[in-house]
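Heads up, the thing below is written out as structure tokens.
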Amino acid sequence: MGGTLQRDAHRRAPRRLLFVEDDFVLRASLSELLIQEGYDVSCAADGAEALARLEREPLPAAIVLDVVLPRMSGLSFRQEQLRSPAFRDIPTIAFTAIRNAAELGALGFHAVISKPTSFDRLFQILASICPAAV
């Protein structure tokens, strides 16, 4: 984590998102919709890749995180994120098909969105976190 610990919340890019989703088609189509809505989107296929992106890329204003992922699950990613002073305050939205979301409550997600969903709900939540430039 080296120099990353020196980064802080006020240095987050205001419309930058990290979208963590293992389903390639969903990741590609939703990231394209987010780009059309004016977001700068970085994508990762699992929690390990997402942590690596947080280490080397500008910090996002928000993270949209699938919970069920290969290699490193969304829950494991969130636990690591919360341990990091540089990353813990980034609002994170759980985007999941898990029906019993009780275990998600303890991880302090900004919001939990069930799959499948209307993307309008995701866009509304993101707009509250990352308002459009005036």
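The values are calculated or read from the model by the stated rules, or taken from the named source; none is laboratory data. Keep in mind that what you see is a predicted model, and the values were worked out from it rather than measured. Cβ coordinates were reconstructed from backbone atoms using ideal geometry, including for glycine residues, and neighbour counts include every protein chain displayed.
Tabulated data
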item	result
Of residues in the stretch 72-110 being closer than 25 Å to ASP40 by Cβ and of a type in the set (Lys, Arg), the one surrounded by the fewest Cβ atoms within 10 Å (Cβ to Cβ)	ARG88
Where GLY108 falls short, out of the listed (1) closer than 19 Å to GLU21 by Cβ; (2) modelled with pLDDT under 95; (3) not aliphatic (A, V, I, L, M)	(1)
Residue check for ALA45: of a type in the set (Gly, Ala, Ser), within 19 Å of ARG78 (Cα to Cα), surrounded by 15 or more Cβ atoms within 10 Å (Cβ to Cβ) and modelled with pLDDT of 90 or more	yes
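A quick yes/no check of all residues on (1) assigned to a loop (DSSP other than H, G, I, E, B); (2) modelled with pLDDT under 90; (3) among the aliphatic types (A, V, I, L, M); (4) farther than 26 Å from GLN36 by Cβ:
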| position | (1), (2), (3), (4) |
| --- | --- |
| ARG53 | no, no, no, no |
| PRO60 | yes, no, no, no |
| PRO70 | yes, no, no, yes |
| ASP89 | yes, no, no, yes |
| ARG99 | yes, yes, no, yes |
| ILE113 | no, yes, yes, no |
| LEU126 | no, no, yes, no |
